[in-house]
Amino acid sequence: METPASLLPLRLRFKNSPLRTVAMKGDWEVETDPTGHFAYSLDGSRAQLYQWRLGRDAALKKLSPHQVEAHSHPSFLRFHPSGRFAYISCSHGALCQYRVQAGALVPLKPLATYVATNPSPLWFDAPGRFACVLTYGDPEQSPPNDQVTIFKVEKNGQLTKLRKIDVCRADSSLSRSAWEGKVAHLTVVGSRLEP
């Protein structure tokens, strides 16, 4: 369901908040939560997330449950600014939603909401009331079909789709830079993007 533009703030500024990674023995890395006390690894081949408490010297202690369901090819993990919720972007367009309980990610019901394929990680506004995700289309098409989907973050952490913006050709390079994490802030003003 799309909400009329008049019900959204005229200007929304979203922040890119990548997670810190920690190198582990055996040439692999885990991402940490914003506090640095918990670690997570996405397994694209099994549609799972693995989670641990991060101890001294990067020692990992399995959380319960250790494996958490995600959708196919989970790509990006992001935490809500409050730290109470987490979201995984999956290649087929699912955005999986979780409540954070003592570091463990607990699936919300429903587990996922959907956008176009290969979504970016979620971006949040500072208070965490809104989130956005970018998807990009074929640059050979006219228009290239890049899109920004804006969500309201409900009190229980679920994402409610408010508006989808087709990115105009003039904004497509900004959309791609934002998707690639080369832009720290992305501002949506009406149906235009600004850095």
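The values are calculated or read from the model by the stated rules, or taken from the named source; none is laboratory data. On a predicted model such as this, the values are computed, not experimentally measured, just so you know. Ideal geometry is used to build each Cβ from the backbone, glycine not excepted, and the neighbour counts take in all protein chains shown. Accessible surface is based on the protein model in full, side chains and every heavy atom, while ligands, DNA and RNA are left aside. Shrake-Rupley method; radii C 1.70, N 1.55, O 1.52, S 1.80 Å.
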**Asked** How would His80, His37, His66 line up by accessible area, probe 1.4 Å, largest first?
**Response** His37, His66, His80
**Message:** Below 8 Å between Cα atoms, with a sequence gap of 6+, how large is the relative contact order for region 21-166 in percent?
**Reply:** 13 percent
**Prompt:** Are there trypsin sites (Lys or Arg not before Pro) in region 90-195 that DSSP marks as loop and that have at most 12 other Cβ atoms within 10 Å, and which are they?
**Reply:** Lys155, Lys182
**Request:** Could you check the simple spin-label distance between Arg129 and Arg53, using points 7 Å along Cα→Cβ, in nm with one decimal?
**Result:** 3.7 nm
**Prompt:** Among all stretches of the chain without exposed GluC sites (Glu not before Pro) (DSSP loop, at most 16 other Cβ atoms within 10 Å), which one is longest?
**Reply:** 3-139
**Prompt:** Given labels modelled 7 Å from the Cα in the Cβ direction, how far is it in nm from Lys164 to Arg11?
**Reply:** 2.8 nm
**Asked** What is the distance in Å between the Cα centres of region 109-138 and region 57-79?
**Response** 19 Å
**Prompt:** What is the distance, in nm, between label points placed 7 Å from the Cα along the Cα-to-Cβ direction at Ala23 and at Arg84?
**Reply:** 3.8 nm
